[in-house]
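Note sheet for the following structure.
The values are calculated or read from the model by the stated rules, or taken from the named source; none is laboratory data. If you're wondering where the values come from, they're calculated on a predicted model, not measured in any experiment. A quick note on method: Cβ atoms are made from the backbone with ideal geometry, for glycine too, and the neighbour counts reach across all protein chains shown. Quick note on the areas: whole protein, heavy atoms, side chains included, nothing else; ligands and nucleic acids left out. Shrake-Rupley method; radii C 1.70, N 1.55, O 1.52, S 1.80 Å.
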Amino acid sequence: QVQLVESGGGLVQPGGSLRLSCVVSRRVFSIYGMGWYRQVPGKQRELVARIFSGGSTNYADSVKGRFTISRDNAKKTVYLQMNSLKPEDTAVYYCNMIETPLTWGKGTLVTVSS
């Protein structure tokens, strides 16, 4: 079963913005921390941002000040607002639960290029 569905990726020029969404099909959602990850060919998947059940957040240094993670528990959805995008942000972006991760979804491709 597909439990994580990412969307919102696309092609954007440097300096542009995108908003990614991740819909989680779990019956229970609000008690779990959620994270956004990204991966490029030849590199391991890296944690970009995370949000805990209480609403606190953490960000990788590379995206701090540019990305914002948020969640809507009623919609069982996690968002990643990405501003001031750089070419090095190009990657496939994935979401997952932090402490007890599910099978990875297909992700959504973000390409930052002129």
*Any chance you could check the Cα centroid distance between region 57-114 and region 5-28 for me, in angstrom?*
7 Å
_Over the chain, how many pairs of lysines fall under 28 Å by alpha carbon, counting only those 8 or more apart in sequence or from different chains?_
10
*Percent relative contact order of the chain, based on C-alpha pairs within less than 8 angstrom and at least six residues apart?*
37 percent
*Going from most exposed to least, what order do 77, 68, 103, 90 have by accessible area with a 1.4 Å probe?*
103, 68, 90, 77
_Charge dipole (the chain, unit charges on Cβ, about Cα centre) - positive-most of 59, 111, 94_ = 94
*At a 1.4 Å probe radius, which order do 43, 86 fall into by accessible area, largest first?*
43, 86
_Pairwise FRET efficiency - residue 25 versus residue 61, Cβ, R0 = 22 Å, nearest 0.05_ = 0.10
*Let a ≥ b ≥ c be the square roots of the eigenvalues of the Cα gyration tensor of the chain; is it rounded (a/c under 1.5), or, if not, prolate (a/b larger than b/c) or oblate?*
prolate
_19 Å cut-off, amide nitrogen to a point 7 angstrom out along residue 88 Cα→Cβ, residues in region 1-42_ = 12-18, 37-42
*asked:* Probe radius 1.4 Å, ligands and nucleic acids left out: which of 18, 47, 80, 109 has the largest accessible area, and how do the rest follow?
replied: 109, 47, 18, 80
*When the label point is put 7 Å from the Cα of residue 11 along its Cα-to-beta-carbon vector, which residues of region 77-114 have a backbone N closer than 12 Å?*
111-114
